Amino acid sequence: MATAKKSRSPSGLQARKSQSTRNAILKATLQCFVKYGYHNTTDLKISELSGLSRGAMRHHYPSRKAIIRHAIDYLHERRLNAFKNSLTDLDLHPEDRVQFAIDSYDELNRKPMFMAFSELTIAARRDPELADVLHKKQKSFEKEYMRMGMELFPEWDNKPVAYDVVMHLTRYILEGMANDLNPPDPVIRRLLIEQLEAKIQSLIDQAKDLK
């Protein structure tokens, strides 16, 4: 009995090729944000980094504005996925949770995708349209950040103020170090992180005493 051969749909292949091209453009755009800055990211530089002609880019994105908007969407999804994946090991000994969470977020903040978002945040201070787009993305990220943190520290479910303080303290310190033009040397950095861990652990202990 003859078996039917599986044929690949030409339209399916073309769709995958188009998606691959779009991803290459968006990745190159994010690389440009980190390498050149938001305002110095041009079609020519994106073209050079992506290996595509400007004509090919325009076929998928008709303007720089369209590329930027889609690059922000792409960046947002990558940041969210990276953050979720960094906290997948939730079956931890309670005493290891603080160090695990801080080290995971610290590592993420030093990755290019988080550096790209920081560059966009700086640029948005003088670009209301960009600020509006980023604000919505950041609110979405913060919502997931807070949700995942609660999964890791469920004992703070009925202590929202203390929980908010800990989560924001962690964010501001780690993101601040990541964005510092003159970051501390590794030894000082480690000491700062250990101080942060100790402070958060003390707040956890205080929360337990209040039960």
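Remarks
- Full-stretch length increase - K136, R58 - with 0.36 nm per residue and alpha-carbon distance subtracted: 25.4 nm
- Applying Stokes-Einstein at 4 °C and 1.567 mPa s to the Kirkwood radius of the stretch 26-106, computed over alpha-carbon pairs, gives a translational diffusion coefficient of 88 µm² s⁻¹.
- Relative contact order of the chain, taken over Cα pairs closer than 8 Å and 6 or more residues apart, is 20 percent.
- Length available on full extension from H93 to E194: 0.36 nm per residue minus the Cα-Cα distance, which gives 34.5 nm.
- Global form of the stretch 135-211, assessed from the alpha-carbon gyration tensor, a/c cut-off 1.5: oblate
- Sites S202 and E144 - FRET efficiency at Förster radius 25 Å, r taken between beta-carbons, to 0.05: 0.45
- Residue order, fewest to most surrounding Cβ atoms within 10 angstrom, among I122, I102, I200: I122, I102, I200
- Proximal aspartates and glutamates to K139, defined as alpha-carbon separation beneath 19 angstrom and excluding residues fewer than eight positions away on the same chain: D73, E77, E119, D127, E129, E151, D164, E175
- Highest GNM mean-square fluctuation among Q99, Q195, Q31, for the chain modelled with Cα contacts below 10 Å: Q195.
- P(r) of the stretch 1-150 over all Cα-Cα pairs, binned every 5 Å from zero, in whole percent: 2, 8, 16, 17, 15, 13, 10, 8, 6, 4, 2, 1, 0, 0
- Rounded to the nearest 500, the 222 nm mean residue ellipticity of the chain from helices alone is -25500 deg cm²/dmol, with -39,500 (n - 2.57) taken per DSSP H run of at least 4 residues.
- In this structure, the residue pairs whose Cα-Cα separation is over 24 Å, taken from K45/K84; K27/K111; K17/K111; K17/K143; K45/K111; K45/K136, are K45/K84; K17/K111; K17/K143; K45/K136.
None of the figures in this text is laboratory data; all of them are computed from the coordinates on show. Owing to the predicted nature of the structure, the values given are computational and were not obtained by experimental measurement. Using ideal geometry, Cβ is built from the backbone for each residue, glycine included, and neighbour counts are taken over all protein chains shown.
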